[in-house]
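Visitor: Below you'll find the structure I mean.
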Amino acid sequence: MEDYNYFCPNNSKLKLLLVVVLLASLAVYETVGDAMVTGTVFCDQCKDGERSLFDYPLSGMKVAVKCSGIDGQLTMMKEETTNMVGSYSMSFEGNPKLSGCYAQLVGSSDGSSGCGAAAGPAQSLRLMFSMFNMEMYAVDSLLAQPAKPMSFCSTSNTTSPPSTPTTSPLPGSGGAGGGSGTTPPILPVPSPPPIAKIPPPTTPNPLPGSGSDGPGSALPLPRAPSPPTARLPPMPFLQASACPYG
């Protein structure tokens with residue numbers, strides 16, 4: 001008997017496990033065929049059209065998700081109000097395709113929001129994932145703007161129409177009647193730098209006594225030394241004698 005209880009689980013535990021599996025299957029069955037849309041609304045205090053450090057989430061703002069057909073007619077619309085943290089969530093039964101839909105602000109629930117004077121542009125729905133025939137869509141932040149930007153916002157952040165640059169006509173283009181075929185002005189060609197003058201070669205002065213002043217005269221050659229002369233001793237028979245010879 002003890003061996004049988006060891007191999008066979010308790011009936012109560014088995015029943016509990018079956019109940020948990022049944023509830024999980026029912027939960028999955030209930031979620032099948034739904035589409036969920038989530039997003040957040042912020043107050044654009046500087047009216048620059050984008051999220052910044054000074055923006056904060058808005059509660060009590062009405063958001064509408066609208067879908068249009070091929071002919072442009074509105075086929076589906078649903079509204080939801082943001083909670084205390086500025087978020088909203090909508091559920092669509094039947095798993096409709098919401099890729100071509102968009103979300104936009106339609107007002108405030110109490111009408112006393114100081115940041116709801118103007119609404120920013122609508123945002124398209126982006127499909128995040130699809131699983132068990134259930135789709136999850138996300139929306140970029142929707143912006144609500146006050147009547148005037150706050151005083152702490154710099155003037156560079158406020159949106160202003162872009163200025164059109166003006167171009168002055170080129171000199172020689174023919175004025176206002178000049179077309180695209182006019183010849184552009186010819187710019188002066190810079191002159192080359194001056195060439196340094198090389199001094200002519202100098203010739204050495206002729207030596208004094210050379211006998212020629214021209215540059216082509218040859219230099220005088222040095223005189224060769226004369227050979228030494230040997231002196232012979234005097235001959236004795238050639239000298240005069242004082243003795244008479246008979």
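The values are calculated or read from the model by the stated rules, or taken from the named source; none is laboratory data. Computed from a prediction, not measured in an experiment: that's the story for all the values here. Note: ideal-geometry Cβ built from the backbone for every residue, glycine included; neighbour counts use all protein chains shown.
Visitor: In region 50-66, what residues are loosely packed, with under 15 Cβ neighbours inside 10 Å and at pLDDT 90 or above? Break it down into steps so the answer makes sense when it comes.
Guide: Our first condition is that a residue be loosely packed, with under 15 Cβ neighbours inside 10 Å; within region 50-66, this holds for 50-53, 56.
Of everything in region 50-66, just one residue is loosely packed, with under 15 Cβ neighbours inside 10 Å and at pLDDT 90 or above, namely Y56.
Visitor: Still on this structure, I have one more. Consider region 92-105. How many of its residues are at pLDDT 90 or above and not hydroxyl-bearing (S, T, Y)? Step through it out loud before you land on a result.
Guide: Filtering region 92-105 for residues at pLDDT 90 or above gives 92, 101-105.
If we keep only those that are not hydroxyl-bearing (S, T, Y) too, we end up with 92, 101, 103-105.
Selection size over region 92-105: 5.
Visitor: Hey, could you check region 116-146 for residues that are assigned to a loop (DSSP other than H, G, I, E, B) and at pLDDT 85 or above and say which is nearest to L53 (Cα to Cα)?
Guide: Of all residues in region 116-146, those assigned to a loop (DSSP other than H, G, I, E, B) come to 116-117, 120-122, 132-133, 140-141, 146.
Those still in the list that are at pLDDT 85 or above too: 120-122, 140-141, 146.
Details: G120: 17, P121: 20, A122: 21, D140: 17, S141: 14, P146: 16 Å.
Within region 116-146, the match that is nearest to L53 (Cα to Cα) is S141.
Visitor: Would you list the strands (runs of 3 or more DSSP E) that sit entirely within region 57-99 and hold 2 or more residues that are at positive phi and touching a strand residue (DSSP E or B) at 6+ places or on another chain (Cβ under 9 Å)?
Guide: On the way: elements: 61-68, 74-81, 87-93.
Per the criteria, no element qualifies.
Visitor: For region 100-111, what are the residues that are under 11 Å from S59 (Cα atoms) and in contact with a strand residue (DSSP E or B) (Cβ under 8 Å, 6 or more places away or on another chain)?
Guide: Matches in region 100-111: S108, S109.
Visitor: Also: Select from region 95-112 the residues that are more than 14 Å from D34 (Cα to Cα) and buried (at least 18 other Cβ atoms within 10 Å of the Cβ) and write down the one among them that is farthest from the chain's Cα centre (by Cα).
Guide: S108
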